[in-house]
Amino acid sequence: MIENCIVFRDFKGKYEYLPIAKAEGSLIWSRQGKRYIDFSSGWNVTNLGWNNMEVNEALIAQAKINVQGLLWGSDLIQEEYAAALTAALPSELNACVKATGGTEAIEASIKIARAYTGRKKIIGFNNHYHGQLFASLALGSSEKSHEKISPLVPSISTIDFPDEKIGQMGFDNFLIEFEKLLSKEDIAAVVTEPGIVTGWGSTLIAYPGFLTSIRKITKKFNTLLIVDEVGTGFSRTGKLFGIEHENVVPDMIVFAKGISNGAAAIGTTVGRREIFEPAFTDAALISTFGWTPVACAAALKTLQIHQRDKIWEAAEQKGGYIIKKLKACIGDVAIGVRGKGLEIGLQFVNKEICQQVQKKSLAQGLHVVVGSQNNMQIMPPLTISQELLTEGLEILCAQLR
């Protein structure tokens, strides 16, 4: 909807969407005062619930000290957050690049890859989503889908994503072709999500061993592996980070969305110091508003809560509950369900029915979004109570009968 992206002075509400008046935990209220159970988390942003008080209070406390950093220096809270984030990741990932969000962080990773390797080509996967600028758009969609704003960035291309339906023979063939592609040793980096596609709303799950296999091949040909955890990071898939499902260590990993629980705009590219340092000047790794002290304070508290409360365990348990409940509702309307943790997709007979169910659910007090085509993406806050989760599922399942 255009009004979601552009604010009009004379907005009259002719498009159907949900203008938020306030939000708390797993509930949001419209400007008319209607209460909705939220199954979106602002698309994997408010993982700890809307307006988490601990996070907001940390931001407010920092605002009383300092709100802006220096391009050429660092604030104490920035250093503290960098230390905490890198400590939560594999030891090889020991440096952070400041960014304001996922798109900027992805673009930084591409610049780093080209500057470090001296190669120009970047490979992504079809129907992944990595952001809204020219390079990030080119990483996950065909030129045809962006015909009117083309050309995008040269030497960035996509290949098919081997989802779980490909089968062992299909996956073996994918790996053969992937190795042939990289064997020319002219590809700077491969960019992918860590085994489940959160962008563009498909919730496609990779064939088992996908990330492990491409890590092995990228290493063989000195191609960097960049993992986009903008949607999967911070407990969403049942692990603190998605790379933990296969214990893969990429060269770079990108975070945003849930990084500050929506309290402030922040993103980052985390990677190996030996890659970042020689690329720093050529890649121009600066950001005026990247990692403001208030954003870092919110991000630090967010990470601490995830670690203290082991939020990923709740995501895994509640995700299993949702999948079990939805599978019981599979029939003529909904035809399949898939996911990891609390990143779940419900597939419908067609996109029209999917949209109808979404609208009927909204009318009954459930805020849920259509991800892509016939796939409804279900991603409630990870802290949602069992009572609200059950109530939301009852609303949704009632529309499937």
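The values are calculated or read from the model by the stated rules, or taken from the named source; none is laboratory data. Nothing here was measured: the structure is a model prediction, and the numbers come from that model. Methodologically, a virtual Cβ is constructed for each residue, glycine included, from the backbone with ideal geometry; neighbour enumeration extends over all protein chains shown. Just so you know, the surface numbers come from the protein's heavy atoms only, side chains and all, with ligands and any DNA or RNA stripped out. Shrake-Rupley method; radii C 1.70, N 1.55, O 1.52, S 1.80 Å.
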* Structure fact -> For the range 22-58 the trypsin sites (Lys or Arg not before Pro) that pass both the DSSP coil test and the at-most-12 other-Cβ-within-10 Å test are Arg31
* Structure fact -> Whole-Hz Karplus couplings 3J(HN,Hα) for the range 322-332, θ = phi - 60° and coefficients 6.51, -1.76, 1.60, Gly and Pro as x, run 4, 4, 4, 5, 6, 4, 5, 9, 5, x, 6
* Structure fact -> Computed ³J(HN,Hα) along the range 170-184: with the Karplus parameters 6.51/-1.76/1.60, θ = phi - 60°, integer Hz and x for glycine or proline, the list is x, 5, 4, 5, 4, 5, 5, 5, 5, 5, 4, 4, 7, 5, 6
* Asked: Once amide H atoms are built 1.01 Å from N in the peptide plane, which residues 5 or more positions from Ile196, or in another chain, come under 5 Å H to H?
  -> Ala206
* Asked: How big is the range 193-321 by the Kirkwood estimate over distinct Cα pairs, in Å?
  -> 16.0
* Asked: When the distances between all Cα atoms of the range 284-366 are binned every 10 Å from zero, what whole-number percent does each bin get?
  -> 15, 28, 23, 23, 11, 0
* Asked: What is the calculated FRET efficiency for Lys351 to Leu152, with r their C-beta to C-beta distance and R₀ = 45 Å, to the nearest 0.05?
  -> 0.95
* Structure fact -> Checking rank on 328-334, 23-29, with mean other Cβ inside 10 Å and highest first, the result is 23-29, 328-334
* Structure fact -> For Leu139, Leu175, the accessible-area ranking with a 1.4 Å probe, largest leading, is Leu175, Leu139
* Tell me which residues come under 5 Å, amide H to amide H, from Ile159 once H is placed; ignore anything under 5 positions away on its chain. => Gly124, Phe125, Asn126
* Which percent of the accessible heavy-atom area of the range 39-145 goes to carbon and sulfur, probe 1.4 angstrom? -> 58
* Of all accessible surface on the range 285-357 at a 1.4 Å probe, what whole percent is carbon and sulfur? -> 51
* Structure fact -> As a Kirkwood estimate from alpha-carbon pairs, the range 316-401 has a hydrodynamic radius in angstrom of 12.6
* To do: Using only the Cα atoms of the range 173-238, construct the convex hull and provide its projected area averaged over every direction, in square nanometres to one decimal.
  => 4.9
* Considering amide H positions built from the backbone, and no H for Pro or chain starts, which residues 5 or more places from Gly231, or on another chain, come under 5 Å of its amide H? -> none
* Asked: From the residues Ala328, Ala283, Gln355, which one has its Cα farthest along the dipole of the range 267-368 in the positive direction, the dipole being from +1 and -1 charges on Cβ of Lys/Arg and Asp/Glu about the Cα centre?
  -> Ala328
* To do: In whole Hz, with x marking every Gly and Pro, tabulate ³J(HN,Hα) for the range 145-152 from phi via Karplus 6.51 cos²θ - 1.76 cosθ + 1.60, θ = phi - 60°.
  => 6, 10, 3, 6, 10, 5, x, 7
* Of Lys239/Lys359; Lys165/Lys327; Lys184/Lys220; Lys239/Lys351; Lys165/Lys324, pairs whose Cα-Cα distance is over 22 Å -> Lys239/Lys359; Lys239/Lys351
* **the chain shape via C-alpha gyration tensor axes, a/c threshold 1.5** => oblate
